[in-house]
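Notes follow the structure.
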Amino acid sequence: MTLYFLKRLIGIVLILFVMSLLVFGITQIMPGNVATILAGQFADASTVAAIEQRLGLNDPAYLQYWRWFSGVVVGDFGQSLVMERPVLPLILEAFASSAILAGLAFVLVTVFGITLGVVAAVRENRFSDHAVSVFSYIGISVPEFFWGIVAILVFARYLGWLPSGGAGNLNDGVLAWVSHLVLPVITLTFTLIAHVSRLTRSSMIDTLRSQYVRNARAKGLPEGHVIRRHALRNALLPTITVLAIDVGWLMGNIVVVEAVFSYPGIGRLLLFAIERHDLPLIQAGILLIAAVYCFANLIADILYGYFNPKIRYGHAAS
Amino acid sequence: MPHPDAAPSEGGLPKAGRLPRRRRRFQAIRQAPLKLLVGAVLLTVLVAVAAAAPWIAPYGFEDMSILKRLKPPSAANWLGTDEFGRDVFSRMLMGARLSLMMGFAATAVSLVIGVPLGLWAGYRRGPVDEIIMRSTDVLLSFPPIMLGLLMLAVTPPSLWKLIIAVGIVYVPSTVRLTRSITLGLAGEEFVQAARARGEKTFYILHAEILPNAWPPIMVEASLRVTFAILLGAALSFIGLGAQPPSSDWGLMISEARPLLDRAPWVALAPGLAMGITVIAVNLLGDGLREALDPRTKRRGG
């Protein structure tokens with residue numbers, strides 16, 4: 001297990017390294033010279049040249065990459081070009097706001113997705129099963145930004161219960177803070193619950209038909225016990241993998257949902273950076289989100305191994 | 001077939017009892033074609049509407065009118081008008097064209113790049129396989145939207161770039177699927193026979209393996225069309241895809257966002273249209289999968 005863990009960790013480091021090359025490489029294609037953007041439209045040639053000199057923009061690409069990368073390794077992502085502040089604290093602050101959104105959404109997705117899926121499977125082909133199926137079909141068929149807009153219309157405009165966007169300040173009281181989170185979290189959750197419950201349902205149905213569940217029932221164990229103690233553990237294995245994939249979705253969708261609700265998180269920061277061509281900010285943002293996703297996958301693999309006695313990582317895992 | 005009440009012994013028993021199995025068999029026969037049928041009919045209608053959009057739309061999708069700004073739905077404008085007085089219904093119809101084209105074109109891009117790579121990796125194995133698979137590892141380590149974002153962030157956005165970017169996002173999964181199918185087929189006798197005849201690699205991949213690999217690839221691709229439509233809409237929504245005055249659904253919703261309290265219909269119409277489109281393609285894909293998937297077939301009897 002430790003060996004497997006180490007191997008995966010090295011793999012992730014390698015992947016992150018290749019990613020940094022990719023992110024740096026692609027952002028170098030960005031049109032519009034950074035120096036001209038910084039100096040403003042009406043700057044004369046000598047000012048631009050001076051900025052180019054200062055930022056080392058005339059150096060060969062590998063040298064620029066090396067300078068950037070050696071900074072990244074020690075946590076120095078450079079200066080934001082537009083805001084003229086170091087990138088790291090900017091990104092971390094935004095990331096913390098996003099992490100609250102994503103964390104809450106993830107917990108809700110896990111709890112409700114699995115519960116709905118199990119309920120649907122246990123009551124296969126009865127009303128609650130069909131209800132869950134229809135709900136999830138609609139859920140995955142409409143993009144989350146549209147659900148976000150529907151939510152704003154219903155809960156903010158017509159009912160007036162919740163604010164339509166922005167983030168609350170904790171100084172104004174917990175309630176104000178929470179009220180700003182409700183709609184974005186629901187929006188983030190909706191599609192993914194559909195996704196998770198669909199998968200849990202089919203995996204649970206397969207398990208309930210399996211040999212050992214029949215065995216358990218034949219022993220005369222109560223149905224609730226069979227489902228909880230025997231079926232669930234195996235049925236949830238594929239769900240773990242899907243939950244890890246959903247972390248990726250979550251990290252991506254958060255960009256869209258933050259745009260809908262004007263929520264000041266990493267997604268909005270990234271879109272802002274793209275709009276203003278703020279290279280260091282774009283690079284750091286994308287790299288950070290990708291890194292979180294990588295680690296989510298690692299954790300999922302470890303959990304999978306923990307829950308599945310059939311897999312024992314070791315020689316076979318290489 | 002052993003009786004369901006027989007002593008539970010290891011192996012040899014069917015997966016489920018007798019009665020539910022039979023019930024399921026009927027359902028498999030009844031359900032799969034129904035989904036397929038409904039999906040196919042819906043999609044045909046949508047494609048027809050999209051193709052005929054310029055002729056059946058009551059107004060031009062770019063016709064502006066200051067007098068008719070933000071009018072609610074009425075007999076003249078079935079779904080109202082937007083902030084420039086453009087007819088929302090006409091724009092929605094034209095949007096169907098863009099969305100469907102986006103979805104299918106992006107999926108085509110992922111197939112054109114992904115299938116040959118997957119065939120090659122699965123058949124040749126060795127270092128080629130290793131390089132291709134490690135590259136897909138890297139691409140799969142980005143959340144899908146992030147990969148699209150990364151590709152679209154650097155140059156001025158446009159529709160064809162969006163299509164290519166969305167296509168590339170789905171290349172890794174296409175490669176993996178094709179590779180795993182190819183791995184299975186490469187050991188088959190007809191492939192070995194072709195190899196023994198001294199056929200070239202290209203011939204074996206193209207004439208022996210590909211025709212047998214198509215069905216699962218196409219089922220997967222049909223489901224991916226909807227992902228492509230949704231991803232494309234999301235990227236257009238955040239301003240990295242289709243640009244104004246295009247009537248792309250994602251863009252329409254994004255433009256309607258500031259007007260929500262005054263004219264909700266501008267945002268609702270394209271959203272509903274997108275939902276219907278995605279449901280149609282999903283039904284078709286699910287139906288196809290249920291009809292073709294050996295797993296469901298076996299389960300069905």
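The values are calculated or read from the model by the stated rules, or taken from the named source; none is laboratory data. All values reported here derive from a predicted model rather than from experimental measurement. Positions of Cβ are backbone-derived with ideal geometry, glycine not excepted, and every protein chain shown enters the neighbour counts. Ligands, DNA and RNA are stripped out before the accessible areas are found, and what is left, the full protein with its side chains, is counted by its heavy atoms. Shrake-Rupley method; radii C 1.70, N 1.55, O 1.52, S 1.80 Å.
Observations
- Remark: pairs (first residue in segment A:127-154, over 15 Å from residue B:254 (Cβ atoms) and at the interface with chain B (Cβ under 9 Å from one of its Cβ atoms); second residue of a type in the set (Val, Ile, Thr) and open to solvent by 40 Å² or more (accessible area, probe 1.4 Å); Cβ separation under 6 Å; 6+ apart in sequence or on different chains) = A:141/B:279.
- Qualifying residue in segment A:128-136 (condition: assigned by TED's automatic domain parsing to the domain that holds residue A:226, under 24 Å from the mean Cα position of the chain (by Cα) and not aliphatic (A, V, I, L, M)): yes
- Failed condition for residue A:82, given (1) more than 23 Å from residue A:273 (Cα to Cα); (2) away from chain B (no Cβ under 14 Å): (1)
- Test: residue A:121 is within 24 Å of residue B:285 (Cα to Cα) and at pLDDT 80 or above: yes
- Flag if residue A:300 is within 14 Å of chain B (Cβ to nearest Cβ), surrounded by 20 or more Cβ atoms within 10 Å (Cβ to Cβ), modelled with pLDDT of 75 or more and not in a loop (DSSP other than H, G, I, E, B): no
- Unique match (being hydrophobic (A, V, I, L, M, F, W, C) and more than 20 Å from the chain's Cα centre (by Cα)) among A:162, A:188: A:162
- For segment A:161-181, filtering for residues that are at negative phi and free of Cβ contacts under 8 Å to residues at least 24 places away in the same chain leaves 14.
- Only one entry of A:100, A:91 meets the criterion of being open to solvent by less than 30 Å² (accessible area, probe 1.4 Å) and either among the hydrophobic types (A, V, I, L, M, F, W, C) or without any contact (Cβ under 8 Å) to a residue 24 or more places away in the chain (or both), and that entry is A:91.
- Any chance residue B:7 is closer than 28 Å to residue B:166 by Cβ and either at pLDDT 80 or above or open to solvent by less than 90 Å² (accessible area, probe 1.4 Å) (or both): no
- Residue satisfying all of: in segment A:17-52; open to solvent by 30 Å² or more (accessible area, probe 1.4 Å) and at the interface with chain B (Cβ under 8 Å from one of its Cβ atoms); modelled with the lowest pLDDT among these: A:31
- Number of the exception - residue B:278 against (1) under 28 Å from residue B:34 (Cβ atoms); (2) facing another protein chain (nearest Cβ under 8 Å); (3) open to solvent by 50 Å² or more (accessible area, probe 1.4 Å): (3)
- Any hit, segment A:128-147, residues being over 28 Å from residue B:225 (Cα atoms) and surrounded by fewer than 21 Cβ atoms within 10 Å (Cβ to Cβ): yes
- Taken over segment B:252-270, the criterion of being surrounded by 24 or more Cβ atoms within 10 Å (Cβ to Cβ) and more than 9 Å from chain A (Cβ to nearest Cβ) is satisfied by B:252, B:266, B:269.
- Residue B:129 vs. criteria among the acidic types (Asp, Glu) and either open to solvent by 30 Å² or more (accessible area, probe 1.4 Å) or closer than 18 Å to residue B:49 by Cβ (or both): no
- Condition check for residue A:175: part of a helix (DSSP H, G or I), in the same structural domain as residue A:114 (by TED's automatic domain parsing) and surrounded by fewer than 23 Cβ atoms within 10 Å (Cβ to Cβ): yes
- Checking each residue in segment B:43-75 for being surrounded by 13 or more Cβ atoms within 10 Å (Cβ to Cβ) and touching a residue at least 60 places away in the same chain (Cβ under 8 Å) picks out B:43, B:46, B:61, B:62, B:70, B:73.
- Listed by position, the helices (runs of 4 or more DSSP H) inside segment A:203-280 whose residues that are open to solvent by less than 50 Å² (accessible area, probe 1.4 Å), more than 9 Å from chain B (Cβ to nearest Cβ) and farther than 30 Å from residue A:150 by Cα number at least 3 are A:232-261.
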